[in-house]
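Structure record follows, encoded as structure tokens.
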Amino acid sequence: VLYVLTELSCRLLAFRVCRQTGKPLDKTPFASSRTLPRECYPPSGVNAPPSRPKSTCAALVVHPSGRFAYASNRAIGVDGLVSVISLSEDGAPFTSMHVTTGGRTPREIALVGSDLLLVANQDSSIILSFAIDQKTGALAKKHQVACPTPVCLL
């Protein structure tokens with residue numbers, strides 16, 4: 001499965017791909033999920049961008065187990081969110097929970113093994129670590145460190 005995170009419409013798209021060539025098998029996704037709570041989107045328009053608050057997505061990582069994915073959402077004027085996205089056996093995504101990043105503009109996220117998720121909050125100049133529940137994918141804040149304008153984590 002190829003996952004594509006859309007920046008402006010805040011959606012995770014799932015495409016089937018050929019295992020031998022890596023080429024997408026279809027031009028349209030077989031499944032998709034919004035990355036923000038339903039109330040953030042306008043009532044009309046399936047692919048309309050979020051409006052309350054305005055938000056854009058920045059980063060996506062898939063847990064080594066293949067059962068979860070995490071997407072960062074940069075809300076304007078409020079703390080950002082990390083969406084915890086469950087992945088079905090066929091790879092279809094469905095957003096299961098949202099966790100505040102404790103800062104503004106979560107530009108980047110990165111996994112450290114299968115136990116930790118790091119979040120770089122660019123406009124708050126902090127990096128947070130979250131413990132990952134291996135059964136549910138849920139996140140629990142562990143540590144925070146000051147770092148001037150973090151934008152990339154490796």
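The values are calculated or read from the model by the stated rules, or taken from the named source; none is laboratory data. All values reported here derive from a predicted model rather than from experimental measurement. Because the Cβ atoms are built from the backbone with ideal geometry, glycine has one as well, and the counts that use them run over all protein chains shown. SASA here: full protein model, heavy atoms, side chains in, ligands and nucleic acids out. Shrake-Rupley method; radii C 1.70, N 1.55, O 1.52, S 1.80 Å.
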Exercise. Checking Leu116 against (1) at pLDDT below 95; (2) surrounded by fewer than 18 Cβ atoms within 10 Å (Cβ to Cβ); (3) out of contact with any Leu (no Cβ under 9 Å at 6 or more places or on another chain), which test does it fail?
Worked result: (1)
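Collect the residues in region 122-145 that are closer than 23 Å to Tyr3 by Cα and in a strand (DSSP E or B), keeping them in residue-number order. Please lay out each step first, then the result.
Just the residues of region 122-145 that are closer than 23 Å to Tyr3 by Cα, to begin with: 130, 132-139.
Phe130, Ile132, Leu139, listed by residue number.
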Exercise. Looking at region 88-113, which of the residues that are open to solvent by less than 50 Å² (accessible area, probe 1.4 Å), over 20 Å from Lys142 (Cβ atoms) and not in a strand (DSSP E or B) is modelled with the lowest pLDDT?
Worked result: Thr105
Seminar exercise, completed: Scanning region 60-88 for residues that are of a type in the set (A, V, I, L, M) and more than 14 Å from Thr105 (Cα to Cα) gives Leu60, Val61, Val62, Ala69, Val84, Ile85, Leu87
Seminar exercise, completed: Only one of Ser124, Ser129 is surrounded by 15 or more Cβ atoms within 10 Å (Cβ to Cβ), out of contact with any strand residue (DSSP E or B) (no Cβ under 6 Å at 6 or more places or on another chain) and either acidic (Asp, Glu) or at negative phi (or both), namely Ser124
For this session: Could you tell me whether any residue of region 48-58 is modelled with pLDDT of 90 or more, within 17 Å of Arg104 (Cα to Cα) and not in a loop (DSSP other than H, G, I, E, B)?
Result: yes
For this session: Search region 58-87 for residues that are open to solvent by less than 20 Å² (accessible area, probe 1.4 Å) and pair each with any residue that is in a strand (DSSP E or B) and of a type in the set (Asp, Glu) when their beta-carbon atoms are under 9 Å apart and the residues are at least 6 apart or on different chains.
Result: Ala59/Glu108; Ser72/Glu108
For this session: State which residue pairs qualify: first residue open to solvent by 90 Å² or more (accessible area, probe 1.4 Å) and inside region 132-149, second residue modelled with pLDDT of 95 or more and in a loop (DSSP other than H, G, I, E, B) in any location, beta carbons under 6 Å apart, and separation of 6 or more residues or different chains.
Result: Pro148/Ser125
Seminar exercise, completed: Restricting attention to region 61-89, the residues that are under 25 Å from Arg16 (Cβ atoms) and among the aliphatic types (A, V, I, L, M) number exactly 7
Exercise. Limited to region 1-17, what total is found for residues that are in a loop (DSSP other than H, G, I, E, B) and either under 16 Å from Ala92 (Cα atoms) or modelled with pLDDT under 90 (or both)?
Worked result: 5
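For the subset of region 10-28 comprising residues that are within 20 Å of the chain's Cα centre (by Cα) and surrounded by fewer than 20 Cβ atoms within 10 Å (Cβ to Cβ), which member is farthest from Ala58 (Cα to Cα)?
Step one: filter region 10-28 for residues within 20 Å of the chain's Cα centre (by Cα), giving 10-16.
If we keep only those that are surrounded by fewer than 20 Cβ atoms within 10 Å (Cβ to Cβ) too, we end up with 13, 15-16.
Values: Leu13: 14, Phe15: 19, Arg16: 22 Å.
For region 10-28, the residue satisfying everything is Arg16.
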Exercise. Does region 66-81 contain any residue that is touching a Phe, Trp or Tyr at 6+ places or on another chain (Cβ under 6 Å) and within 24 Å of Val1 (Cβ to Cβ)?
Worked result: no
